[in-house]
1. Kindly list the residues of segment 52-93 that lie in the label zone of E177, defined by a backbone N under 16 Å from the point 7 Å along the Cα-to-C-beta vector.
2. Taking 0.36 nm per intervening residue step and subtracting the Cα-Cα distance, what contour gain separates D256 from T167 on full extension?
3. Of all DSSP beta bridges in the chain, what percent run antiparallel (nearest 5)?
4. If exposed trypsin sites (Lys or Arg not before Pro) are those in a DSSP loop with at most 11 other Cβ within 10 Å, what is the longest stretch of the chain that has none?
5. Hey, can you grab everything whose amide H is under 5 Å from the amide H of S41? Only 5+ residues off in sequence or another chain; H modelled, so Pro and N-termini drop out.
6. Mind checking which of N117, L185, G147 is farthest towards the positive end of segment 83-260's charge dipole, using Cβ charges of +1 (Lys, Arg) and -1 (Asp, Glu) about the Cα centre?
7. By how many nm would the segment from R118 to R14 grow when fully extended, if each residue of separation counts as 0.36 nm and the alpha-carbon distance is taken off?
8. Once the Cβ-Cβ distance between L35 and Y2 is put in as r, and R0 is 22 Å, what FRET efficiency do you end up with, to the nearest 0.05?
Amino acid sequence: MYTVGELLRQWRQRRRLSQLDLAIAADVSARHVSLVETGKSNPSADMILRLADQLDVPLRERNRLLLAAGFAPRYAERPLDGETLSAARDAIARVLRAHEPYPALVIDRRWNIVMTNRAIDPFLTDVAPDLLRPPINMVRLGLDPRGLAPRIVNLAEVRSLLRIRITRRLATAPDPELTALYEELLAPDSEDASHPIESEVATPMIFRFGERELRLFSTTTTFGTPTDITLDEVAIESYYPADAETATYFTQPNADPRADM
């Protein structure tokens, strides 16, 4: 079991900051940071959170820091479908509905799908039933041959894009289950070198349904100042048409890609 000082040092090194960098950002002395990391000084709960804030430590891990120092956790983790988060859940639902007729969904820290809007439903029709049993994992759904993979024209590029995003996520907030998912589905192979991502922002997902191709790119929205672990870890993935033809398709009444099959 790590001490709070050892955990803070791991986070500082993960963020590639020197003790002096962290000290300046947190408005404390570098000597104090050194004493905390070596266990020669016992930080208060407020000091731990002050340093964690400068290190951009996720709320779940801030609780771990507090526990390691002998303090009670500060941040609750409540279910998104519970009464206490009903206002946040309703706000998310409004965002999803407002994005229609374009697809949008909500994922958690392990890329499990938490909520979707109605525009997602047609894409899931021919997916193997076991891939749709909760928790539905977005990465597995996209890359499994029984999922969306046969419909994605530029699957190698999408796989590379997912690798970049999950690698970044793991660097920000390590998680053993997400690491296992990465190693299972996203570990680089020799074929990946021939499909580099030129622009992460502009890389579309291209779906083929019969003779029609739908080109979509996505944006990610997160809560700005969450105080609950659940809200800290969810993100809204909103998909937009990448060309006029795709936009026209989605704005047609009763648009359903299966109609072209």
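Derivation of every value follows stated rules applied to the coordinates shown; laboratory data play no part. Source: prediction; values computed, not measured. Ideal geometry is used to build each Cβ from the backbone, glycine not excepted, and the neighbour counts take in all protein chains shown.
1. The answer is 60-61, 77-81, whose backbone nitrogens lie closer than 16 Å to the label point.
2. Details: separation 89, 0.36 × 89 = 32.04 nm, distance 3.34 nm.
So the chain would gain 28.7 nm between D256 and T167.
3. Details: 20 of 21 bridges.
The antiparallel fraction comes to roughly 95 percent.
4. Working: sites that count: R16, K40.
Here the longest segment lacking exposed loop sites spans 41-261.
5. V36
6. N117
7. Values: separation 104, 0.36 × 104 = 37.44 nm, distance 3.93 nm.
The R118-R14 span can extend by a further 33.5 nm.
8. Numbers: r = 17 Å, r/R0 = 0.77.
It comes to 0.85.
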